[in-house]
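Nothing in this text is a laboratory measurement; each read-out follows from the coordinates by a stated rule. No experiment lies behind these values; they were computed from the predicted model shown. Every residue, glycine among them, receives a Cβ derived from its backbone with ideal geometry; neighbour counts consider all protein chains shown.
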Amino acid sequence: MKLYIAKATCSLAVQLVANELGLAPELVHFDVFGKSTSNGSTFADVNALLYVPALELDNESKDVLTETVVIASYLADQHPASDLIPQRGTIERVRMDQLLTFVATEIAQKHIPLMRKLMTPEGIEFHTNKLLSAYAALDQRLADGRPYLTGEQFTVADAYVWATMWHERSGVKLDHLKNLMAYVARVEARPSAQKALGDEAAVVARHEERLAA
Ligand SMILES: N[C@@H](CCC(=O)N[C@@H](CS)C(=O)NCC(=O)O)C(=O)O
């Protein structure tokens with residue numbers, strides 16, 4: 001499989017999930033600003049909408065999956081024994097899909113215009129308050145001392161929240177959310193997260209070398 005990623009973005013969630021599962025997709029870096037890729041391919045041929053993550057499967061038709069929630073869920077569903085996601089059709093799965101959609105829409109997509117400095121002062125205030133409420137809801141979930149968002153078990157939702165902790169780039173202050181910050185450090189300490197960061201840095205460096213050559 002080929003996983004298209006960008007530096008410090010939601011694609012880290014998919015990398016982390018792949019690492020938890022012991023998968024080793026080939027990583028291709030897409031520069032979201034310069035639009036080039038680390039292997040010289042044209043990213044528009046992979047995802048015409050020009051965003052990551054995108055996962056090219058190994059099947060005959062080389063299907064490409066997009067959307068962080070879909071890719072992370074697909075990989076976890078292929079390996080049910082990993083317990084990274086509840087089984088489809090259960091109420092636990094519905095709750096998980098609810099949580100993943102919440103992270104995608106109320107966190108990840110609220111950050112992006114803030115990080116890119118695209119907003120009016122009113123827009124900044126609106127998105128900042130939305131993010132504060134969303135993160136406070138996660139902090140509240142963790143207030144009973146559970147290690148991960150749904151309890152003892154690490155899941156794809158934890159991977160996604162960790163990958164979208166962009167509050168510093170967005171200028172959103174979260175230091176008061178002690179449960180959340182301790183939880184994020186716990187996720188980041190997992191070998192799968194550390195490997196994701198190291199692999200990302202390596203492919204970004206290879207891409208930069210290629211551009212400089
Ligand atoms: N709906 C997509 C959005 C993914 C997305 O926003 N990706 C960002 C990085 S986190 C990106 O590649 N942005 C480049 C762009 O939109 O130009 C998802 O949830 O996966």
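A cut-off under 13 angstrom between Cβ atoms defines the neighbours of M115, and their net charge, with Lys, Arg +1 and Asp, Glu -1, is +4. Listed by chain and number, the lysines whose alpha-carbon sits under 17 Å from that of K173, ignoring those within fewer than 8 places in the same chain, are K110, K117, K130.
Projected over all directions and averaged, the alpha-carbon convex hull of region 86-190 occupies 6.7 nm².
Ordered by the count of other Cβ atoms within 10 Å of each Cβ, fewest first, H79, H111 give H79, H111. Panel note: the C-alpha atoms of the chain, placed on their principal axes, show extents of 49, 46, 28 Å (largest first). When the square roots of the Cα gyration tensor eigenvalues are ordered a ≥ b ≥ c, the ratio a/c for region 1-106 is 1.5 or more and a/b exceeds b/c, which makes its shape prolate.
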